[in-house]
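One structure is given here, and the rest of the page talks about it.
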Amino acid sequence: MTTSIPMTMVLLALLAAAPAPAPTQAKTPQQGEPVFDPYHAEKSIEIGTFYMKKKNYDAAIERFRDALRYKPGFAKPHRLIGECFEKKGELRLAIDSYGKYLETLPQAEDAEKIHQKISKLEKRLEQLRRRDKRTTPGR
């Protein structure tokens, strides 16, 4: 019995001294695959909102898309992306983003407001199409 105690101590000492296995690298959103990381999703929203206030809409959109990669199924970035596209005058993309927001969160507190916004943008888009048809030569 006395020989098994020293052997156990040696094994425990070896296990304690062995290097820890290398941590696996978490995939980053830049690699394109979703990674559930709510903290970074919120930080991306925060940074995107900063860019939005600075009217750097392209940078804001990228950050909001990062938030979606960090937290798939997160509705807020879709609404914010819609706002950015609306401010850029890219009405079709704004409508699509607002639609994804409502699809993700149909019972949102501001759902009625977003539905109205989509209707308004669709009317504006149609007006622009009609105007373009009238002003395009050869039609």
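Calculate the spin-label point distance for Q107 paired with F50, positioning each point 7 Å from the Cα along the beta-carbon direction, and give it in nanometres.
In this crude spin-label approximation the distance works out to 3.5 nm.
Test of understanding: ordering D58, D110, D37, D66 by Cβ neighbours within 10 Å, fewest first, what list do you get?
By the 10 Å Cβ count, ascending: D58, D110, D37, D66.
Round to the nearest 0.05 the FRET efficiency obtained for R92 and T136 when R0 = 22 Å and r is the Cβ-Cβ distance.
The formula returns an efficiency of 0.75 here.
By how many nm would the segment from E42 to D58 lengthen if fully extended, with 0.36 nm per residue of separation less the alpha-carbon distance?
Between E42 and D58, full extension yields 3.9 nm more.
Within the set K53/K133; K54/K133; K43/K123; K43/K113, which residue pairs have Cα atoms separated by over 32 Å? Mind dumping the intermediate values first?
Working: K53/K133 35 Å; K54/K133 35 Å; K43/K123 35 Å; K43/K113 26 Å.
Violating the 32 Å limit, Cα to Cα: K53/K133; K54/K133; K43/K123.
Just so you know, all these numbers are worked out from the coordinates, no wet-lab data involved. Because the structure is a prediction, the values reported are computed rather than measured. Cβ sites come from the backbone with ideal geometry, for glycine too, and all protein chains shown count toward neighbours.
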